[in-house]
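Here's the structure, in structure tokens; my notes come after.
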């Protein structure tokens, strides 16, 4: 009996050590540490890893590896994927994976319940696996060290049940001490990390013992002469299954490390710093490598030394067979830790989901329970969770009894395939905004049903728990509904078969329905809170506007009811601290406080339930949930409408600014116009003044002598002509500027134009004694232009030259030059020239250059502006080059139309000539 | 009663017509074509009345009038302008012109206006 008591004492000490570690963890808050975080992730390595990997290696060689390759691959993505999930969880105060998915799709209670049920159904077999591992390892140890278990004390007779009940107690003590589940369970995390160290050490110890104690190293263990034919084949890759199976298994374990409820709990909910992920991304794969290092050696040693023993427990039976009781005890404790770690985290997680996402929403909708009006809900929540833990473990025990002897690994894979169904809704939910509630529910449901039909159902038949025959023949003999060969598919591995059908259906249904149906407003809001979590983390407290404003006191009572007095006070203080304000019970609660309370409440009862509670309180139960949602949708419509209004008013402002600029421009143009009119008026009145004055003088003074009479009549005639010219020019200019001028296009020889223009004014040069020279090339390319207009320009330039040249001393030179692309005419005089500052001014209307000594020049002041308009109309330019005192040269340049190139000779014709 | 009249205008024909009218009325006439020349001439002669065109290059009629008044000279000034806007008339009178005549003017009006101003003294 001595050995028996040692085993029991060690088991009890293990349990106590866990409590001790947890206690230290709670007090010292050691869980905020990247190493502890990484080690706690190793809750992935359960008794299935500890015992089952060796069992799997004994039957399929390296076939155990994909389960660890998947997580290794995912670990690389931790800083991307897991960080996003962590941020979303923190921002939205999410309490579980069910809450996560439900929150994403508009806080759907239906979805929360569905995910919870799937998680429970998927996890129970896995927990039963742990029960089995603990019970069997205890039996193996006991029978080897003490004797047959049936002759042992009564309480050990039903090992499985005892283990289940003890674990339930353990989990309850560990995980259900406060109602607020977003409070980090630092004790639990530290205990899990401690277990991870211990199980790794135990496994490495037995591995080293087997490899270097029983053999002389790896070379000796795998020496060809030691291996029989079967064992040699095990070392081939073919033994490990097809490539397709490998791929799917790797994928499956990738999903598992992300979506197993307990992994989600540890890696996402218990994460205290996103920075820890950067360490975990390499340290966690390292852990997986170490714990798998000795799997093959132990399996082969077992196959060689104990061909008849259960391969799943070689780890234990090898040391026992060699009388290493101490080592066996170490292994037993390692296995115990591996199993308890998983069971505690899984049951605590599932119990939270069951209470928050399944039971509480139902109770809240059941008015007779009056749950929403109970003074203190905290004890009720805890009771529900404790009962849930007990129920889960009893269910697992039931499965353990029914399942009998099925390999550890296959049960584990069934669980993996169940949680893989969360992938489309969850991954789609954080990366694809269009994914909606209908798609998520239908996808999850279809995937789950196919999974249930193709994996656990036939496995129950296999276990003999049910006597069904449809696995082989299909239900009612329908061939294509056979669970292992849906639609006649020929995938050999049942897990792969199930996974392909369920996940492909799930994904297609999710995407298709999401595309075909629309989101509600709340879903839409949630989808961007999730997908854009990093962009939106700053603006957490988006205002939710409720139908009625609650008082601070109402919210206080509500928190008190669900969380207890202490947590309620803390939550309100937290808000006061964050907003730097103080709350009075009678005050109306600001919307941000309502949101805060909802979030705090969400951490205790899940976001879907919290939403219903707040809504029902605010509306005094007179409003149904649907009405609240309608209200919200209305509000958000109004919000969007007002956003649109804001947008419009911004656009309006922009338009106004543009209009203001345009108006300024118009004013400017108007000013220019009125300046022009004023100028024209002045220029018209000036000759009119002379005409009127001399007309009156002539009519009132009949005694004027002939010479004077002639002089005055001459002035009248001259001024009348000036007036006519002016009117014509003004009309001409306004026609050109408004684009109404008629242009008569023809092929124009510029030499002819220059000669003709010169001929017209030649007499004026002669009269004034101005010397002229005409420098023209023999021929120039023709222009396409209005000939008369070009003559008009030439006449203007020539008459300007005459005007500004001194009598007798004047010299005017007219030249025409041609380049490849342009023809240039210049008219140079030796008059007074033009100041540089006036060079542009003279082309503006009515800007004549007046010379102090010379008096006002004759002319309308419109000649050069008109000339410039004409030249520019034909794509050319008109300018002046001058220096005061050195004369002025007016030049205009016109582009030559490119002639059609002469047709080239056809080379063939050239040859034939 | 023979008076001295100064005509300042950059339009030679208008100067001719005004000179004819003033000489016929029995006055002595001097004429210049721009404001600068007028100010220069005023340093040596003291006319009884100035017929002053407003729109002239560089030194315009306003400037000439302003300078004359700034020197404390009370000489009669009749402004002549082809623009004839109300604001311009106001401005001319404000800076010290005694009368304002819009071009084209009636010869009788100019003669009457000159007579009236000269007999006021």
Condition first: more than 21 Å from residue A:66 (Cβ to Cβ) and modelled with pLDDT of 85 or more. Now tell me which residues in the range A:483-505 satisfy that.
A:505
Suppose the filter is surrounded by fewer than 24 Cβ atoms within 10 Å (Cβ to Cβ) and at pLDDT 90 or above; does residue A:448 pass it?
yes
Considering each of A:695, A:649, A:674 in turn, give the residue that is within 11 Å of chain B (Cβ to nearest Cβ), at pLDDT below 85 and either in a helix (DSSP H, G or I) or surrounded by 15 or more Cβ atoms within 10 Å (Cβ to Cβ) (or both).
A:674
Which condition breaks for residue A:72 when tested against (1) touching a helix residue (DSSP H, G or I) at 6+ places or on another chain (Cβ under 6 Å); (2) at pLDDT 85 or above; (3) more than 24 Å from residue A:315 (Cβ to Cβ)?
(3)
Output the residues belonging to the range B:53-96 that are in contact (Cβ under 8 Å) with a residue 24 or more places away in the chain, within 13 Å of another protein chain (Cβ to nearest Cβ) and assigned to a loop (DSSP other than H, G, I, E, B).
B:54, B:55, B:56, B:57, B:58, B:59, B:60, B:82, B:83
Residue in the range B:97-108 that is nearest to the other protein chains (Cβ to nearest Cβ), counting only those that are under 23 Å from residue A:680 (Cβ atoms), in a loop (DSSP other than H, G, I, E, B) and free of Cβ contacts under 8 Å to residues at least 40 places away in the same chain
B:104
In the same structural domain as residue A:9 (by TED's automatic domain parsing), under 29 Å from residue A:554 (Cβ atoms) and either out of contact with any helix residue (DSSP H, G or I) (no Cβ under 8 Å at 6 or more places or on another chain) or modelled with pLDDT under 85 (or both): is that true of residue A:370 in this structure?
yes
Can residue A:378 be described as at pLDDT 85 or above, farther than 30 Å from residue A:211 by Cβ and under 41 Å from the mean Cα position of the chain (by Cα)?
no
Residue check: is residue B:112 within 30 Å of residue A:714 (Cβ to Cβ), part of a helix (DSSP H, G or I) and more than 10 Å from chain A (Cβ to nearest Cβ)?
yes
Residues of the range B:5-48 being away from chain A (no Cβ under 13 Å), more than 12 Å from the chain's Cα centre (by Cα) and under 20 Å from residue B:73 (Cα atoms), in sequence order, are B:28, B:41, B:42, B:43, B:44, B:45, B:46
Considering only the range A:698-727, state which residues are facing chain B (nearest Cβ under 10 Å) and within 26 Å of residue B:85 (Cβ to Cβ).
A:719, A:722
Regarding residue A:235, is this residue closer than 21 Å to residue A:338 by Cα and surrounded by fewer than 23 Cβ atoms within 10 Å (Cβ to Cβ)?
no
Taking strands (runs of 3 or more DSSP E) that fall entirely within the range A:740-832, which contain at least 1 residues that are within 60 Å of the chain's Cα centre (by Cα)?
A:822-829
Can you find a residue that is within 22 Å of residue A:334 (Cβ to Cβ) and in a helix (DSSP H, G or I) anywhere in the range A:225-240?
no
All but one of (1) modelled with pLDDT of 80 or more; (2) surrounded by 15 or more Cβ atoms within 10 Å (Cβ to Cβ) hold for residue A:517, so report the exception by its number.
(2)
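The values are calculated or read from the model by the stated rules, or taken from the named source; none is laboratory data. Quick caveat, the model's predicted, so the values are computed rather than measured. Please note: Cβ atoms are built from the backbone with ideal geometry, for glycine as well, and neighbour counts cover all protein chains shown.
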